[in-house]
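The values are calculated or read from the model by the stated rules, or taken from the named source; none is laboratory data. It should be emphasised that the depicted structure is a prediction, and the values quoted were computed from it without experimental measurement. Positions of Cβ are backbone-derived with ideal geometry, glycine not excepted, and every protein chain shown enters the neighbour counts.
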Amino acid sequence: MLTTIAKKFFSYLFKGSILVLAFVFIYHQYLIKGDNLKEFEKALNRLSRAEVTIVMASVVILMLANWLTECLKWQHLTSRLVKISLWQSIEGVFCGLTWAIFTPNRIGEYGGRVMFLPPRRRIHGVFAMAVGSFGQNVITNVLGLAAFTWFCFTFLHWNGWALAGISVFCAVFMALFLIAFFRIGLLVKLLNKVSFLRKYHRFFDIMADYQFIDLVKIMCFCLTRFFIFSFQYYLVIHLLIPEIAFMDVILMVFIVFFIQSALPSLDLLDVPVRATASATLFAYVTTQQVAVIAAFTSIWLINLIIPAILGSVFIFNLKFFDRSV
């Protein structure tokens, strides 16, 4: 008992330390430096109200398109378990977002979604959702590794052997991610061979039920979402720092997503980590780190916090004790 408490204590202490250090780093590195703040003020002063209104309205519309795509993906994922309407899918997705922001690595999103499925399909729904989450993770890692390779060649100027090694390393892992997703049946077979997991084989087998054509459709949903929220970042960054080239912004954003996906986090505490990563990377193409931090923070607010608030309405529709099939 004491060991468990000690582990939890040190875990929270470690996460809290990271959070504090990230805030301190951002404050000292970017916010107390007069040049950064002055450049950000200049960027704001040159903006017209019409520009800001058009861009931010576009970002909000893209946010709705992003989550509508996720709702369609969830409806498709659950179609092998139970037929749900698009509205039921919307309820589940938005309720899941509300649960996600309070739980590490958004684990609560699973619980929020599957509670809108019939009780006998809820555990199955967790594994169906895992396929969709895995697909999104594959896209983030594959495009993130590709962007990281570009970053090394463009900005780090390492010797030829180091660049060749990085290229091979990234290419191998990109291939492994794609193979693992499109041959998910092989992954399930490996899981079923693990002795303490074997008793759950009927749930893992749900993942193997998705045929190649299903996985292609799921990947299309994942790609659509990825490019939608990448373009959101481009719109806001271009508004504040128009001199950065389109491809530089997009590829830097890919790398930030890649770094973010690799770190355990809590949505409510995501901002300092995301801000630190984005400001550090964009320092290679601009001196306006405060503007970059503002862009990433505003998109985080629009894409996660606003939908989570909307999702709180659907919590009242949950049927914890519904025993229908």
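For the reader, a short list of remarks on this structure follows.
- Among the residues listed as ILE228, ILE218, the single one being assigned to a helix (DSSP H, G or I), touching a Ser or Thr at 6+ places or on another chain (Cβ under 8 Å) and modelled with pLDDT of 90 or more: ILE228
- Criterion violated by LEU223 - all others in (1) aliphatic (A, V, I, L, M); (2) within 28 Å of GLY92 (Cα to Cα); (3) modelled with pLDDT of 90 or more; (4) more than 13 Å from the chain's Cα centre (by Cα) satisfied: (4)
- Failed item, numbered, when PHE134 is tested on (1) within 23 Å of the chain's Cα centre (by Cα); (2) within 24 Å of TYR284 (Cβ to Cβ); (3) modelled with pLDDT under 95: (2)
- Some residue of the range 278-290 being within 28 Å of GLY111 (Cβ to Cβ) and either in contact with a Pro (Cβ under 7 Å, 6 or more places away or on another chain) or at pLDDT 90 or above (or both): no
- Among residues of the range 208-235 that are over 16 Å from GLY132 (Cβ atoms) and touching a residue at least 12 places away in the same chain (Cβ under 8 Å), those with a Cβ under 8 angstrom from a residue that is buried (at least 19 other Cβ atoms within 10 Å of the Cβ) and among the polar types (S, T, N, Q), sequence gap 6+ or separate chain, pair up as GLN232/ASN66; GLN232/ASN303.
- Within the range 75-191, helices (runs of 4 or more DSSP H) holding 1 or more residues that are touching a residue at least 60 places away in the same chain (Cβ under 8 Å): 86-100, 108-114, 122-151
- Qualifying residue in the range 120-134 (condition: out of contact with any Lys or Arg (no Cβ under 8 Å at 6 or more places or on another chain) and exposed (fewer than 14 other Cβ atoms within 10 Å of the Cβ)): yes
- Only one entry in LEU310, LEU268, LEU304 is modelled with pLDDT under 75 and not small (Gly, Ala, Ser), namely LEU268.
- Filter pass, VAL249 being farther than 28 Å from GLY135 by Cα and either of a type in the set (Val, Ile, Thr) or modelled with pLDDT of 85 or more (or both): no
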